[in-house]
Structure formats: C-alpha cells, structure tokens
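Report on one structure; see the data block that follows.
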Amino acid sequence: MRRPHQGIAFTLFFAALGLLIGCSRTPQAPKKGEILMWHWLTDREEALQKLADAYQKETGIKVTLELYAPSDAYASKVRAAAQTNTLPDIFSVLGENRDLASFINSGHIANLTPAMNANNAAWKKQFFPKALATDTLLPDNQYKVVPGVYGVPLDVSNIQMLYNKELFKQAGLDPNRPPQTWNEFIAD
C-alpha cells in the first residue's frame, strides 16, 4: 500500500539529488533524461531501485544505480573518479568534513543553500536539522569553503543499546535499574 507522503519522498529525494547533475565536471555531458547515481548501500539497493523506478515513471528521467561495496571500495572509486573528472551525477563523499571540503574546493560539489532557502525554505524544512548539519559548512570554517549546505541526508538512523535482564541479574546487577549514562553503561 502506498503511503500518502511516499510520492513526495521519492520526488524530493531524486529532485534533490538531481540538482547535483553537472556538478561533477565530467568531460562528457550527462545523457539527457538520465541520472547516474553511485552508492555503497547494499542493504538499501532494492528500496533505492523502487524510488528510481517511481521517479522515472513520474518525470521520465531514468536513474541508473551503480552499487560499489563495501564502503571502502566505494570511497576509493569516488576519489579516483574525482581525480579523473569522471564522477557520476550523484554520489556521496564518505569520510570527514575535510574530505567533503576537498571535493567542494575542487569544484565537484554544488552549494545547495539557494535551493534550500527557496520558497520559504520548503525543501530545507523536510530534513531534521542535525542530519542536514552533517553536510553544512559554517562561516569561518577551517577548510575555507564558502558557508552553505553541500549535501542532503540519505537517511537518519537511531542507534540503540539494549540489555538482557536475565544476563544483568546473572552479573549481579539490578535489571530494574539500567545504566543512565554512558559511563554507567561501560561500568556495567
């Protein structure tokens, strides 16, 4: 069953990613009506393909997904493609802000701030602020990058720590009083 916001989700996802077309400075022009996206997400390949198919059905623009895994292999492929100006239309930079800044300073990634702020920041409001902050560089950043938003979050995860009450008891701990801080968790 299709949820009401599902169409909006895939349209926003690929429209957002589509803004990056042409930012990779490839020597050849992208094929008209096609988007090439590289990723490393083996566990999301099926979901991404469904989104790509739905986007093509709605817009007529074909999204070709190329999977490169594990993530180390993907990161190496992206770095090599940046050096030869053969990056795909859509890609992610895995690593730290200095890695992202290097791609921005080399002209491989567009500043999405104007698009984010258009229409009363309608696009920007679709994201959790902390998730969007991951690819946002602030004024006076150490990388000398023009402040702005340079990527969109692909997903947001919630990492949880769980404990087994029986094992807690066996360890001499009170299962009704779980740790409240990281230090207590480590100690337990």
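The values are calculated or read from the model by the stated rules, or taken from the named source; none is laboratory data. Just so it is clear, the model here is predicted, and its values are computed rather than measured. Note that each Cβ is placed from the backbone with ideal geometry, even for glycine, and that neighbours are counted across all protein chains shown.
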Open item on the list: Residues that are in contact with a Pro (Cβ under 7 Å, 6 or more places away or on another chain), hydroxyl-bearing (S, T, Y) and at pLDDT below 95: does region 5-15 have at least one?
Closed with: no
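Okay, residues lined up against (1) modelled with pLDDT of 95 or more; (2) assigned by TED's automatic domain parsing to the domain that holds S92; (3) under 17 Å from G95 (Cα atoms):
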{"site": "N119", "(1), (2), (3)": "yes, yes, no"}
{"site": "F128", "(1), (2), (3)": "no, yes, no"}
{"site": "Y143", "(1), (2), (3)": "yes, yes, yes"}
{"site": "L154", "(1), (2), (3)": "no, no, yes"}
{"site": "A171", "(1), (2), (3)": "no, no, no"}
Task: Residue check for D89: under 18 Å from P153 (Cα atoms) and touching a residue at least 60 places away in the same chain (Cβ under 8 Å) - done: yes
Open item on the list: I'd like the full set of residues that are assigned to a helix (DSSP H, G or I), surrounded by 14 or more Cβ atoms within 10 Å (Cβ to Cβ) and among the basic types (K, R), limited to region 56-113.
Closed with: K77, R79
Task: Enumeration of residues in region 106-129 that are touching a strand residue (DSSP E or B) at 6+ places or on another chain (Cβ under 7 Å) and in contact (Cβ under 8 Å) with a residue 60 or more places away in the chain - done: L112
Task: Selected residue (criterion: surrounded by the fewest Cβ atoms within 10 Å (Cβ to Cβ)) from residues of region 29-55 that are under 18 Å from A81 (Cβ atoms) and without any contact (Cβ under 8 Å) to a residue 24 or more places away in the chain - done: A29
